[in-house]
């Protein structure tokens, strides 16, 4: 059955998986990132989770509430994650120096895997779309993971706002 599921998965799903995993692996590298670029991947993964859950929001409004609560909790937890050692804001270049991290790859893999498992499960048993017992935990997990990812990015962005411009003092030669 597993081979049948995998072989019937549309090619675009595998392309998306490869792209997301490549982006996750890229996050392992130390890099310099513009502040605005920090939000792109977390917002994209949040959208992927919403795409999964949107049909259940219509039929089971409680899933939207669960997702929002988990998203809020994930945002708080993500903001409280300790900043990676070596992260620094360069105000002159307007870039954030980020050391590599496995966390984005883990979050990407978890969100994509949940999305894939949910799609396969609903394809095999469409009645589960109307089951709060199935959709509720999915909403909680996708909300929490999306919130963690976004909260981490917002925590990193806080460095850009907290950075005080440095005043460079030049030695003044005495007047002759």
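Derivation of every value follows stated rules applied to the coordinates shown; laboratory data play no part. The shown structure was predicted, so the numbers you read here are calculated from the model rather than taken from an experiment. Please note: Cβ atoms are built from the backbone with ideal geometry, for glycine as well, and neighbour counts cover all protein chains shown.
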**OP:** Kindly express, to the nearest 10 degrees and within the range 0 to 90, the angle between helix 132-162's C-alpha long axis and the longest C-alpha principal axis of the chain.
**Re:** 10
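Using a Förster distance of 22 Å, how high is the FRET efficiency between residue 129 and residue 76, based on the Cβ-Cβ distance and rounded to 0.05?
0.15
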**OP:** Using only the Cα atoms of region 1-85, build the gyration tensor, take square roots of its eigenvalues as a ≥ b ≥ c, and label the shape rounded, prolate or oblate: rounded if a/c is under 1.5, else prolate if a/b is larger than b/c, else oblate.
**Re:** oblate
Original post:
Against the longest principal axis of the chain, how steep is helix 40-59, in degrees 0 to 90 to the nearest 10, with axes from Cα atoms?
Top reply: 30
Original post:
By how many degrees, between 0 and 90 and to the nearest 10, does the Cα long axis of helix 61-80 differ from the longest principal axis of the chain?
Top reply: 30
**OP:** Two decimals is fine: what's Rg over Rh for the chain, C-alpha atoms, Kirkwood radius as Rh?
**Re:** 1.15
Subject >> Within the chain, helix-based [θ] at 222 nm, where runs of 4 or more DSSP H residues each add -39,500 (n - 2.57), nearest 500 >> reply: -22500 deg cm²/dmol
